[in-house]
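Trainee: Take this structure, written in structure tokens, and hold onto it; I'll ask about it next.
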Amino acid sequence: MTYDFDTPTERRNTNSLKWDVAEGELPMWVADMDFQTAPEIREAIMKRAEHGIFGYSVIPDAWYEAYIQWWKMRHGYTMERDWLIFCTGVVPAISSIVRKLTTPAEKVLIQTPVYNIFFNSILNNGRQVLESPLRYDGKEYRIDFADLEEKLSDPQTALMILCNPHNPTGKIWDRQTLEKIGALCSRHHVTVVSDEIHCDLTDPGESYVPFASVSETCRQISITCMAPTKAFNLAGLQTAAVSVPDEVLRHKVWRALNTDEAAEPNAFAVEAAVAAFTRGADWLDALRDYLYENKKLAEAYIEKEIPDVRAVASQATYLLWLDCSGLIGCGREAAGFLRRETGLYLSEGSQYGGNGADFLRMNIACPRAVLKDGLERLKNGLAAYSVWAAEQC
């Protein structure tokens, strides 16, 4: 089947977080695609809607089997049924886990720059954020293992949130890197929560490695958060899962999610997930091809037309991490200027911690014509910003 990713879908006036912006603005910030989900998923949702009764739902065997088979076939990792727990979202799960597995004022380690909502899940629960900044050599990011071990050895460090693949850099962590993380965390008695929500959005020919699959050590200390929501654009349906191989750790997570009432599905959550994982593979592969072409187009355009900015090379996600350190000024200021002067709405990088102040994040999961519009606005806006910033000096 041929899938159409080029035709725009009007999203204004639909109570969209992303598109509830002023007329003329172009939002390319939050990780929410501008494509309709797979036809097979829409069909499953409509069939469920036609029933007309939307009472309380349970988790059927088909839901467990869909997750197990998808991870086995797509990622070479076999989970057991008992490991899986339904949850309403990856972020609610992380917040519940932080509350359950740590005590107030204990430290939760994150590798920055990283998904900004991790900060909320930690700070809003009265815990301390402990940053282990990734090392950036001007081209790519790597883990500073000396710093990581020092931070993990702190007796107050109880939990680590791993982003795999990494948001916003789009980095896929290889097996050796994950194994080393697991060994260090085990040595210092730190549990790992691995956010793997972007795992299905790898570039064609690239594949991610599930943290829990790397070693017995990683398996025993891991809680994996997963969902079809990013890959199939289903965030508003609130459907996700956690996989916890260790029985004692799993019981704690189960208690956490149920205490917080985050373990019950809405009327469409199960059907959508099952349809995605059992019938959505062809659509996803077509999407990955389209996103990869968008990425190549954007990278080439930026290299040619915006020489003071560089797109950091990535292997996953539909997010460009734009190095703006060659510009006068800062990323936060540039982001505000771009939105004010051109309508282009990007994420400013300082909210991701680490060296993010020199970066902007751009969501390129949109029809190609929209992407070209965004790139033109980026070029013209940054040119104007450079002139403006120089005048302020």
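The values are calculated or read from the model by the stated rules, or taken from the named source; none is laboratory data. Keep in mind the model is a prediction, meaning the values are calculated, not measured. Glycine gets a Cβ as well: all are built from the backbone with ideal geometry, and neighbour counts include every protein chain shown. Note: areas computed on protein heavy atoms with side chains; ligands, DNA, RNA excluded. Shrake-Rupley method; radii C 1.70, N 1.55, O 1.52, S 1.80 Å.
Trainee: Report, ordered by the first and then the second residue, all pairs with beta carbons closer than 7 Å, sequence separation of six or more or different chains, a first member in segment 48-71 that is without any contact (Cβ under 8 Å) to a residue 60 or more places away in the chain, and a second member that is exposed (fewer than 13 other Cβ atoms within 10 Å of the Cβ) and not acidic (Asp, Glu).
Mentor: TYR64/ARG81; ILE68/ARG81
Trainee: Would you list the helices (runs of 4 or more DSSP H) that sit entirely within segment 59-134 and hold 2 or more residues that are over 30 Å from ASP323 (Cα atoms)?
Mentor: Counting at least 2 such residues, we get 61-75, 90-101.
Trainee: Continuing with this model, one more query. Just need a number here: residues in segment 139-172 that are of a type in the set (Gly, Ala, Ser) and in contact (Cβ under 8 Å) with a residue 60 or more places away in the chain.
Mentor: 1
Trainee: How many residues are hydroxyl-bearing (Ser, Thr, Tyr) and open to solvent by 20 Å² or more (accessible area, probe 1.4 Å) when one looks only at segment 237-264?
Mentor: Number satisfying all stated conditions: 1.
Trainee: Are any residues in segment 138-158 outside any helix (DSSP H, G or I), among the acidic types (Asp, Glu) and either more than 23 Å from ASP358 (Cα to Cα) or over 23 Å from the mean Cα position of the chain (by Cα) (or both), and if so, which ones?
Mentor: Result: ASP154, single match.
Trainee: Take the residues of segment 77-97 that are polar (S, T, N, Q) and over 19 Å from GLU271 (Cβ atoms): which is most open to solvent (accessible area, probe 1.4 Å)?
Mentor: My answer is THR78.
Trainee: Residues of segment 5-47 being more than 27 Å from TYR292 (Cβ to Cβ), among the β-branched types (Val, Ile, Thr) and surrounded by fewer than 15 Cβ atoms within 10 Å (Cβ to Cβ), which ones?
Mentor: Matches in segment 5-47: THR14 only.
Trainee: When you look at PRO367, is it of a type outside the set (A, V, I, L, M) and open to solvent by less than 10 Å² (accessible area, probe 1.4 Å), yes or no?
Mentor: Here the answer is yes, as PRO367 does meet what is asked.
Trainee: A further question on this structure: Residues that are in contact (Cβ under 8 Å) with a residue 40 or more places away in the chain, charged (D, E, K, R) and more than 30 Å from MET46 (Cα to Cα): which helices (runs of 4 or more DSSP H) entirely in segment 232-317 hold 1 or more of them?
Mentor: 247-259, 281-305
Trainee: Could you please find all residues in segment 12-49 being part of a loop (DSSP other than H, G, I, E, B) and of a type in the set (D, E, K, R)?
Mentor: Once the filter is applied, which keeps residues that are part of a loop (DSSP other than H, G, I, E, B) and of a type in the set (D, E, K, R), segment 12-49 yields ARG12, LYS18, ASP20, GLU23, GLU25, ASP32, ASP34.
Trainee: Which count do you get for residues in segment 196-205 that are open to solvent by 10 Å² or more (accessible area, probe 1.4 Å) and among the charged types (D, E, K, R)?
Mentor: Final tally of qualifying residues: 1.
Trainee: I'm told LEU327 meets every condition in (1) open to solvent by less than 50 Å² (accessible area, probe 1.4 Å); (2) outside any helix (DSSP H, G or I); (3) modelled with pLDDT of 95 or more; (4) hydrophobic (A, V, I, L, M, F, W, C) except one. Can you identify the failing condition by its number?
Mentor: (3)
Trainee: I've got another one for you. When you go through (1) in contact with a Ser or Thr (Cβ under 7 Å, 6 or more places away or on another chain); (2) open to solvent by 20 Å² or more (accessible area, probe 1.4 Å); (3) more than 27 Å from TRP321 (Cβ to Cβ) one by one for GLU50, which number turns out not to apply?
Mentor: (1)
Trainee: Hey, can you tell me all the residues within segment 126-183 that are open to solvent by 40 Å² or more (accessible area, probe 1.4 Å) and small (Gly, Ala, Ser)?
Mentor: Matches in segment 126-183: GLY126, ALA146, SER153, ALA183.
Trainee: Here's another thing I want to ask about it. Give the residues of segment 352-393 that are at pLDDT below 95 and of a type in the set (S, T, N, Q), sorted by residue number.
Mentor: SER386, GLN392
Trainee: Testing CYS225 on (1) within 22 Å of PHE277 (Cβ to Cβ); (2) assigned to a loop (DSSP other than H, G, I, E, B), one condition comes back false. Which one is that?
Mentor: Going through the list (1) within 22 Å of PHE277 (Cβ to Cβ); (2) assigned to a loop (DSSP other than H, G, I, E, B), CYS225 breaks only (2).
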